[in-house]
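What follows is one structure encoded as structure tokens, with my remarks underneath.
The values are calculated or read from the model by the stated rules, or taken from the named source; none is laboratory data. Given the structure is predicted, the values throughout are model-derived calculations rather than measurements. For neighbour counting, all protein chains shown are included, and Cβ atoms are generated from backbone atoms with ideal geometry for every residue, glycine included. Side chains are part of the model used for accessible areas, which takes the heavy atoms of the whole protein and leaves out ligands, DNA and RNA. Shrake-Rupley method; radii C 1.70, N 1.55, O 1.52, S 1.80 Å.
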Amino acid sequence: MVGLDDGDTEHQAGHATRRRRDCPRTHPEPLWYAGLPRSPPAPRRHPFQALPLARIAFIVTTCHEFEGVKVLSSVLRLHGHQTDCFITSEEKDFRRAVLGWRPDVVAVYATTGQELWAHDHIRAWKSELRHLKTVFGGPHPSHDLQLLYDDDVVDATTKAEAEYAMLDLVEAWEAGRPIVDIPNVATMVDGGPRQNPIRPVIGDLDSLPFPDVDVFYKYPFLRDKRVMQVHASRGCQNSCTYCSVGLMKKTWISGKRGEKFNRTKSVDYLCEEMNDILARYPGFRMVNFGDAALNMESGWVHEFSEKWPARVGLPFACNVNINHLDEDDIIALKRAGCVSVQFGLESGSEEVRLKVYKKGYTDEIVYGIPKLLKKHKLTFRTNNIMGSPAEDLDDMIETVRANKRIKPNGCTVLIYRPFKSTVLGLEDYKMDRVDLGKDIGPSIQSDSMMKRDDLREVVNLQKLFNVAVYLPGG
Ligand code: SF4
């Protein structure tokens, strides 16, 4: 793996061996208490074999650093396994690259629309690597087990947070043990899919090793882009009906007493993580926080504003939930080095935002917060949805008007997609609002799967949205 030399390998492999024996899988102790390395070590070698324990290839079709893949990889590596990630667009011959690495397990992250793209590749790999196992995780397989019927391709799926489910799964496969009872895992049992109950979420994010950025930064495109993608938290204060988070909060927790879906890394951990990455990849000039909202905990933002400039000092952009943002938070973000925030406006109609999307953004918030952001010289961008079942063309034009009024520095405009991992998406399928025979590919900016008479206008408005917002008289 990139970034680890032989000296590190021996030293860290020893720690990894001790860690594996002690690991309770559900609530591992914070690594710094155990004196263990934060960066994922190179693979441990099995005492009786010349090879690492298992080789896990993550495959993704979007050229993006996925936080989930980074953390899964670091946990697997900490336990002695070897990991890599392959991005379709970054490989000259993707199929050959994965095959040449000779994985034991291929892991696929899938949202709705991304659950089938790898099937032909996997069939080809399985014909060459007879022992190969495959596991699908992420929002789609967490809510839809249909994939398991493709049993020539899919051996198992995972639901919810998969760090320790993946580890248990890989180690069961490696040892030839049955996988049917592993928490979070679903498999085919007696001809039908069976989802096992899930384990409690990882309560303390500081207990995890630092995310393994090496699997992505081996690619020059991601390494040289100067903007690092980082996450400080899991969860979100809001539960919007068009977003997976709403259902995750209900179905991605075990129900254990005191379990919390919204969690934030400590500021100390985050600064340490950043400096660990920067020591190996000093070219980054800015950070983009990919969290649902960096302002998930008000007190956290204030501590962050004290420590981040002194310990890391990189400017950053982040998402914010404007219904939980006040002027003090904006001042703290500015002091910390924030240069730009992004929030989901989604609809110009207050009724749609409040009653259908359950977003909690009143008109007062939507028109008030941008004034405060401008007052404190923070640029901002909005996210917007075109073509949801809640809106007609007039509502969508109202979204253009709302953006014209608050004057964001940029607008991202997506075409609504009925994800099966969302409350609204499930309703769409139930109410027969989805054109099931239409394949629109993985992009959410090109076309719509919804059955509606004004489809052409929706797609055109998405393309012309920014012209309408920014051209005088548009
Ligand atoms: S605020 Fe964003 S991340 Fe949170 S539930 Fe709504 S859409 Fe999802």
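The modelled label-to-label distance between ASP120 and VAL180, using points 7 Å beyond Cα along the C-beta direction, is 3.5 nm. The distance separating the Cα centre of the stretch 56-77 from that of the stretch 347-377 comes to 34 Å.
In this Cβ point-charge picture (+1 for Lys and Arg, -1 for Asp and Glu), the chain has a dipole of about 620 debye about its Cα centre.
Solvent-accessible surface of the stretch 309-460, taken per residue with a 1.4 Å probe and all protein chains present: 45 Å².
Were the residues from SER446 through LEU471 laid out at 0.36 nm apart, the gain over their Cα-Cα distance would be 6.8 nm.
State the extension gain, in nm to one decimal, for the chain segment bounded by ARG311 and GLU91, taking 0.36 nm per residue of separation less the distance between their alpha-carbons. Numbers along the way, then the final one.
Details: separation 220, 0.36 × 220 = 79.20 nm, distance 3.60 nm.
Here the segment from ARG311 to GLU91 would lengthen by 75.6 nm.
Averaged over residues, the count of other Cβ atoms within 10 Å places the peptides 251-263, 211-223, 140-152, 271-283 in the sequence 211-223, 140-152, 271-283, 251-263, highest first. According to the calculation over all Cα-Cα pairs in the chain, the P(r) per 10 Å bin from zero is 4, 19, 29, 28, 15, 5, 0, 0 %.
With Cα atoms defining each centre, the stretch 132-200 and the stretch 442-474 are spaced 38 Å apart in the structure. Put simply, the amide H of PHE86, placed in the peptide plane, has neighbours under 5 Å in PHE58, ILE59, VAL60, leaving out anything fewer than 5 places away on its chain. In a reduced charge model with +1 at each Lys and Arg Cβ and -1 at each Asp and Glu Cβ, the stretch 226-470 shows a dipole moment near 580 debye about its Cα centre. For ASP152 and VAL189, the FRET efficiency from 1/(1 + (r/R0)^6), where r spans their Cβ atoms and R0 equals 25 Å, is about 0.90. Note: relative contact order over the stretch 309-416, using C-alpha pairs below 8 Å and six or more positions apart, is 29 percent.
If the reach is capped at under 22 angstrom between alpha carbons, list the lysines near LYS133, excluding any in the same chain fewer than eight residues apart. List returned: LYS70, LYS159. Using R0 = 35 Å, the C-beta based FRET efficiency linking ALA279 and THR62 works out to 0.80.
Counting only protein heavy atoms and a probe of 1.4 Å, the accessible surface of the chain is 52% carbon and sulfur.
Given 0.36 nm per residue, what is the gain on full extension from MET286 to LYS334 after removing their alpha carbon distance, in nm?
15.8 nm
The DSSP beta bridges internal to the chain are antiparallel in roughly 20% of cases.
What number comes out for accessible area per residue over the stretch 166-300 if the probe is 1.4 Å? Units Å², please.
With the other protein chains kept in place, the stretch 166-300 gives 39 Å² per residue.
In percent, rounded to a whole number, the relative contact order of the chain is 11, using alpha-carbon pairs under 8 Å and six or more apart. What separates the Cα centres of the stretch 262-286 and the stretch 383-432 is a distance of 34 Å.
For the stretch 226-283, the equivalent ellipsoid built from the Cα gyration tensor has semi-axes of 30, 15, 8 Å, listed from largest to smallest.
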